[in-house]
Structure formats: C-alpha cells, structure tokens
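The values are calculated or read from the model by the stated rules, or taken from the named source; none is laboratory data. On a predicted model such as this, the values are computed, not experimentally measured, just so you know. Don't worry about glycine lacking a Cβ; one is built from the backbone with ideal geometry, like all the others, and counts go over all protein chains shown. Side chains included, ligands, DNA and RNA excluded: accessible areas come from the protein's heavy atoms. Shrake-Rupley method; radii C 1.70, N 1.55, O 1.52, S 1.80 Å.
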Amino acid sequence: MLFDPEDLSDPAVLIALGGWADAANASCDALRQLVSVYEAQEIGAIDDERYWDYQQTRPQIRESADGPWIEWPSVRLHVVHHPERDLVVMVGPEPSLLWRSFAREVVERIRTFSPSMVVILGAMLSDTPHSRALPVGMYSNNPGLRENTVGVENLDYTGPTGVLGVVAHLLDQVPIPTAQVWVSVPHYVSSPPNPKAQLALTSGIEELLGLTLDRGDLEKDSERWVAAVDELASADPDVAEYIQQLVEVREQEEVEEATGDKIAAEFERYLRRRRDGRGGNHAL
C-alpha cells in the first residue's frame, strides 16, 4: 500500500538511535517493541552507505524462506496507527560519518510528516538500583511543552552530544516542538535487553503525548528481569551490599525530593490521568 503523509492523523514522531546514547539498547528496543505490538506499516528508510562505517556497524546476514540476505545498517521508518493518533517511528544505529548531512536528512523527513511533536528517546548508565523505579527525565526547549506537560524540564545541558542532539537543535530552529525522554540504566546490569528501562521510556512517551500505549509483555518481562538480577546479586555478597548502598542513597534522594512542589506535580499528573480516562499507576 502506497504511503501518503497527508493521510496521517495528528502525527507525532518518535526517534531512537543505537550506540553512545542508548544504554542497554533501551530506547531502540522500546520503539521496536512498539512497532511489533501494533504491527506497524514500514514507510521508508535512511540507508545512505556514506553514513556508516561498516567496520564499526556491520551488516548482518539474515535467513528467510527465500534464502539468506544481507541487512545493511539503516534507520527504518514505520507508522504506528494508534487509535488516538498516528506515530511515525524512526529507529536504527547512530551513524558514524557525515553527521550534519544525516541530521539535515532526518529533519527533512520529519518535516514531510508535519508532526505536532517530536519525541527523542535516550538511555544512559548511572548509579541507580535495579530494584527501584528507574529515573526518567523529560526535557524540552519549547516553552509550550514545558507549560502544558507536567514534569518536563528546561533542556540546559552543555557538553558532548550524539547525533540526536544535533537533530534536536535543528528541530528547534524549524521550529517543531521537540522533547527528549531519558532513562537511567543501572551500570552493573548494562547488557541488553532491559525491559524495565523500555517500560520507563514507554511511560515517558505516554506522558508527553497524553495517550495510553499497548505495552505487550513489557510489564511481565520487567518483573522477570528484576527477579533475575536479584538472583544473580544474591550469589555475590559484595554485589548485594553495593546494590543495598545504592538503594539507601536513592531512598534518601527521594526524601529530599519530596517537596511540596513535587508532591503537587505528582498529584496533578494523577488527576490528569483520571480525567483522560487513563487511570492506573505507571510507576515502575
């Protein structure tokens, strides 16, 4: 079926790129899970071979009914037809080369969809315990997004960035309202997959877009992941002690963060979920 951007219903764009800013592959896996659950329609790719160093990001040999084939590194584009709005999903490996050209191509693709919002996902390693809610930060340079969405902070980061930082900068100049969602991943269990981090990012998308997503088996997978890490940690007293120290530090931080403003913001978020018919508790 031919794809026409004019057929999209109130689209939003979701982007994740693997590599430097995707600890445990959490952001890419979260979007691939979304594509799988909704049986999304593939609508294109960014696959210019100049963007990738194939010695760093190698092509993969795949098997199909027609025999083996080669999957080259690329950013795939899919449309998720959610009941409330269409979601254009862009996911793939971070390019090795020609970042400025790549970022411009990404932004030009995004502009063809005329989205009301772009959400960029990322994951970083941190000293956070696996047994507690994984911290999620939502950031934007757009005043309207910050005013209308509880929990979105001003993006005031300075320092090294990935290619999505460049994309975000270009989107701000268009301008297209853009937000970033980052999850903190326990550094001592950094190998993928991490369904708990995927679940945290999915919740962040829901908050920004004001909708409820089908999570598939993520919640059960998250519980199994925590249980598996608990079992591994219990076999090593030093690791168990270290994790307990992280838990105590996290609990102290939560007490210090429990100011009146934060409690009011959480209560407002709860009321908004009730008003929108979403209900439930998305805490991990």
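Applying both filters, DSSP loop and at most 11 other Cβ atoms within 10 Å, to the chymotrypsin sites (Phe, Trp or Tyr not before Pro) of region 1-78 gives Y54.
Annotation: amide H of T128 within the under-5 Å range of H187, sequence separation 5 or more or interchain, hydrogens built in the peptide plane. Calculated mean residue ellipticity, 222 nm, the chain: -13000 deg cm²/dmol, from DSSP H runs (n ≥ 4) at -39500 (n - 2.57) each, averaged per residue and rounded to 500. When a/c reaches 1.5 or more, the comparison of a/b and b/c decides; with that in mind, is region 98-206 rounded, prolate or oblate per its Cα gyration tensor? Here region 98-206 falls in the prolate category.
In this structure region 178-238 gives 42 Å² per residue of accessible area when probed at 1.4 Å with all protein chains present. The phi-based Karplus calculation (6.51 cos²θ - 1.76 cosθ + 1.60; θ = phi - 60°) puts the 3J(HN,Hα) values of region 184-201 at 8, 10, x, 5, 7, 9, 8, 6, x, x, 10, x, 5, 5, 4, 5, 5, 5 Hz, whole numbers, x for Gly and Pro. Sites listed here are GluC sites (Glu not before Pro) in region 1-104 whose DSSP assignment is loop and whose Cβ has at most 14 other Cβ atoms within 10 Å: E39, E84.
Within the accessible area of the chain, the carbon and sulfur atoms contribute 50%, probe 1.4 Å, all protein chains present. For the chain, averaging the sequence separation of C-alpha pairs within contact (under 8 Å, six or more residues apart) and dividing by the residue count gives a relative contact order of 21 percent. How many percent of DSSP beta bridges within the chain run antiparallel, rounded to 5? The answer is about 45 percent antiparallel. 3J(HN,Hα) along region 212-224: 10, 9, 6, 8, x, 9, 4, 5, 5, 5, 5, 4, 5 Hz, from the Karplus curve 6.51 cos²θ - 1.76 cosθ + 1.60 with θ = phi - 60°, whole Hz, x for Gly and Pro.
Backbone phi angles across region 36-46, fed through the Karplus curve with coefficients 6.51, -1.76 and 1.60 (θ = phi - 60°), yield HN-Hα couplings of 5, 4, 8, 6, 5, 8, 6, 10, x, 7, 10 Hz in residue order; Gly and Pro are listed as x. Entry comment: accessible area of region 1-128 is 52 Å² per residue, from protein heavy atoms only and a probe of 1.4 Å.
Quick one: Debye curve from the alpha-carbon atoms of the chain only, equal weights, vacuum; give me log10 I(q)/I(0) at q = 0.12 Å⁻¹ to two decimals. Summing over Cα pairs of the chain leads to -0.81.
Just how far, in whole angstrom, is region 45-86 from region 1-21 if you go by their alpha carbon centroids? Centre-to-centre (Cα) distance: 14 Å.
Comparing A65, A235, A103 in a Gaussian network model of the chain (Cα springs below 10 Å), the most mobile by mean-square fluctuation is A65.
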